[in-house]
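First up is the structure itself, then whatever we jot down about it.
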Amino acid sequence: MDYLQIKRVNSLNGNIKISGAKNASLPLIAMVILAKNSVSIKNLPHVADINTLLKLLSNLGAKCNREEDITTVDTSTLTQTKATYDIVKTMRASILVLGPILARFGHCEVSLPGGCAIGQRPVDLHLKALEQMGAVINIEAGYIHAMAPDGLKGCNIIFDKITVTGTANIVMAAALAEGVTTITNAAREPEVVQLCEILNANGVKIDGIGTAVLTIQGTDKKLIHIDEFSVIPDRIEAGTYLCAAAITRSELTLTDVNPKHLGAVLSKLQEMGSKFTTTEDTITIHPSDVIKAVKIVTQEYPAFPTDMQAQFMALATQAEGTSIIEERLFENRFMHVSELQRMGADISLNGNVATVNGKSKLSGTDVMATDLRASSALVLAGLVADGITNVHRIYHLDRGYDSLEKKLQNVGADIVRLKE
Ligand code: EPZ
C-alpha cells in the first residue's frame, strides 16, 4: 500500500488547477443509463471512485472508454441490472444506478451499500421515494430487489431529510417515469444542479432547478439523447487547497474553479482572517499571519459543507483561541480527531461537537487515514507539523483527490508518495 510522507514547509506558492467534481461526476455517469446515444463527458477527475463506477457500468454491459480529458459512455449495450456487492462495497455511491436502471428496465438489484466509516448512511429515503413512484422493493440477502414492470409513475415526493444522492436518484428515476414528479425538500448542492441542468437541456423538462422544490416531466420510458458536457469544478478539492494555503500562510491561486460554489467556505476563511481576490474561474487567497478561532456548524448547501469539516478542524488547530465545530450530517465524522490529537492537537469531543483549542504545536508522526476527507485533513496538518508526517491508508484519499501530492509538490510542498 502507498503512504504519503510530508515535511513542514515555510510556505507554498503558485497556482493549482482544480479538477472536475467527483460528486457531480458520479450521478452524471449514472445518468447515461437514461441515454440512447454514446455520451461524451469532459473533465472527469482521475480518481478511484470514478473508475469504480465506470467499471460497474462495464460489468453491466455498457461500453466505457476513458481518455485523458474526455470519456465516452455507451449504455445501449447495457443488459445486466445487478450491481454486485464486490463493487458496491467499495463505493456506496453505486446506489446511484438504482433509479435509472429501474426506470429504464423495470427491475434492478443493487447490493445494500452497508455502513461506512463516517456513519450508517442508510438509503431508506431513496427506497421510500421509489416505492411512492410504484416500485415494489424487497431487501433479501443484502440486496435491494426493485421491480416496476409497468414503469414508474410521477408523484409528489417529500424527503424527510435532505439527501444529495437521494435527490439525484429520484431525479433520474423521474426522468423516465410517466407523468410529473415533484420533489420537495430536494438537495440544492451544485452537483445536483448540474445533473438537473443537463437533463433539462437534453429533453427532460425540470423546473425549480437550484431550489428545494423540483418538478420533473418524465418521458414515459423514452430514452433521451445527451449532448457532450463538461463536469463542474470540485468545490471540496478547491476548499481543501484553500485550507492548505491558510494553514501554511501562503498565497495560492486556484484556477478552473467556481467561486460561487464556495460561498460558505470563503466566508468562514474570511472570518478566520484570510482575504480573497476572485474572478469568474479563479480564487487567490491572501492569508493572514494570525488565524482566528471560529464556530462552524455543518449543514446542507448553501451552508457550510460537511465535506470541509475535517480540513477546517486541522486549520483550527493553528488558530489563536477556541474553535467550536458541530457536525450535524453524519454521526461519526470525527475519526480524524484522534489522529490530529496524536500529532499534538488539543481537541475535545462532546457528542457531535468538537472543541479545538489553538494554537497547538503539531509534531509529525505516523497517522492513519480513515475516510476521504479525514485523509486530506491529516495532509494539511503534516504541512505545518515539525518533523515527518506519514499518512497511511491513502487509498481513502485516492478515492476523491486527483493527483493531490503532485498538485501540492507543484506549489512547493515537501510531499512524496512512498510504498509501505
Ligand atoms: C453525498 O453523500 C456526498 N457523496 C457526500 O460526500 C456528502 O458528505 C453528503 O452528500 C452530504 O453533503 C456523493 O455525492 C457521492 P446524503 P450522500 O444522502 O448522498 C441521511 C465525500 O466526502 N440519509 O445527503 O450519501 C444520511 O445518513 C462524500 O465526497 C438517510 O437517513 O449523503 C446523512 O445523515 C462523503 N437516509 C444525511 O441524510 C437516506 O436514504 C445526508 O446524507 C439518505 C440519507
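The values are calculated or read from the model by the stated rules, or taken from the named source; none is laboratory data. Keep in mind the model is a prediction, meaning the values are calculated, not measured. Note that each Cβ is placed from the backbone with ideal geometry, even for glycine, and that neighbours are counted across all protein chains shown. Quick note on the areas: whole protein, heavy atoms, side chains included, nothing else; ligands and nucleic acids left out. Shrake-Rupley method; radii C 1.70, N 1.55, O 1.52, S 1.80 Å.
Brief remarks follow.
- Just checking the listed ones, P259, P122, P287: in the Gaussian network model of the chain with Cα springs under 10 Å, the one fluctuating most is P122.
- Each Lys and Arg Cβ is given +1 and each Asp and Glu Cβ -1; about its Cα centre, the chain then shows a dipole of about 240 debye.
- Gain on full stretching of the segment that runs from E326 to N10 - 0.36 nm per residue minus C-alpha separation: 110.7 nm
- Using a cutoff of 8 angstrom between alpha carbon atoms and counting only pairs six or more residues apart, the relative contact order for the chain works out to 21 percent.
- The stretch between S403 and M1 holds 143.1 nm of extra length on full extension. This uses 0.36 nm per residue minus the Cα-Cα distance.
- Around the Cα centre of the range 95-246, unit charges on the Cβ atoms of Lys, Arg, Asp and Glu (plus for the first two, minus for the last two) sum to a dipole of about 180 debye.
- Computed about its Cα centre, the charge dipole of the range 351-401 is approximately 120 debye, with only Lys, Arg, Asp and Glu carrying charge at their Cβ.
- The range 33-101: C-alpha gyration tensor shape, a/c 1.5 cut-off, then a/b vs b/c: oblate
- Anisotropy class of the range 338-389 from Cα gyration tensor, a/c 1.5 cut: oblate
- Taking the range 1-85 and dividing mean pair separation by its residue count, relative contact order in percent (alpha carbons under 8 Å, at least six apart): 28 percent
- Alpha-carbon centroid distance for the pair the range 264-282 / the range 363-420, whole angstrom: 24 Å
- Per-residue ³J(HN,Hα) for the range 63-70, Karplus 6.51 cos²θ - 1.76 cosθ + 1.60, θ = phi - 60°, Hz, x for Gly and Pro: 10, 10, 10, 9, 10, 3, 10, 9
- The distance linking the range 1-42 with the range 85-137 is 23 Å (Cα centroid to Cα centroid, whole angstrom).
- Residue of T282, T389, T77 that the Gaussian network model of the chain assigns the largest fluctuation, springs spanning Cα pairs under 10 Å: T77
- GluC sites (Glu not before Pro) lying in DSSP loop within the range 65-129, provided at most 16 other Cβ fall within 10 Å: E67, E68
- Each peptide in 35-46, 332-343 was scored by the mean count of other Cβ atoms within 10 Å over its residues; highest first, the order is 332-343, 35-46.
- For the range 142-292, relative contact order (Cα pairs under 8 Å, six or more residues apart, normalised by length) works out to 17 percent.
- Selection from I157, A187, G263, by position along the positive dipole direction of the chain (Cβ): G263
- In sequence order, calculated HN-Hα J values of the range 411-418 (Karplus, 6.51, -1.76, 1.60; Hz; x Gly/Pro): 10, x, 6, 9, 9, 9, 9, 10
- Under 12 Å, Cβ to Cβ, from A117 - net charge with Lys/Arg +1 and Asp/Glu -1: +4
- Loop-resident sites, the range 89-172, for chymotrypsin sites (Phe, Trp or Tyr not before Pro), counting at most 16 other Cβ within 10 Å (DSSP): none
- Positive contributions from Lys and Arg (+1) and negative ones from Asp and Glu (-1), summed over other residues with Cβ under 11 Å from the Cβ of F330, come out at 0.
- Computed log10 I(q)/I(0) for the range 280-420 at 0.12, 0.14, 0.19, 0.21 Å⁻¹: -0.48, -0.66, -1.23, -1.45, from the Debye equation with unit scatterers placed on every C-alpha and solvent omitted.
- Total formal charge among the other residues, if their Cβ is under 13 angstrom from that of V171, Lys/Arg +1 and Asp/Glu -1: -2
- Applying a threshold of 18 Å to the alpha-carbon distances of K55/K407; K128/K161; K22/K419; K17/K42 flags K55/K407; K22/K419 as lying beyond it.
- Counted over the chain with a bin width of 10 Å, the fraction of Cα pairs per bin, in whole percents, is 5, 23, 31, 24, 13, 4, 0.
- Loop-located GluC sites (Glu not before Pro) in the range 189-298 (DSSP state not H, G, I, E or B) with no more than 16 neighbouring Cβ atoms inside 10 Å: E228, E280.
- Protein accessible area in the chain, 1.4 Å probe - carbon and sulfur %: 49 percent
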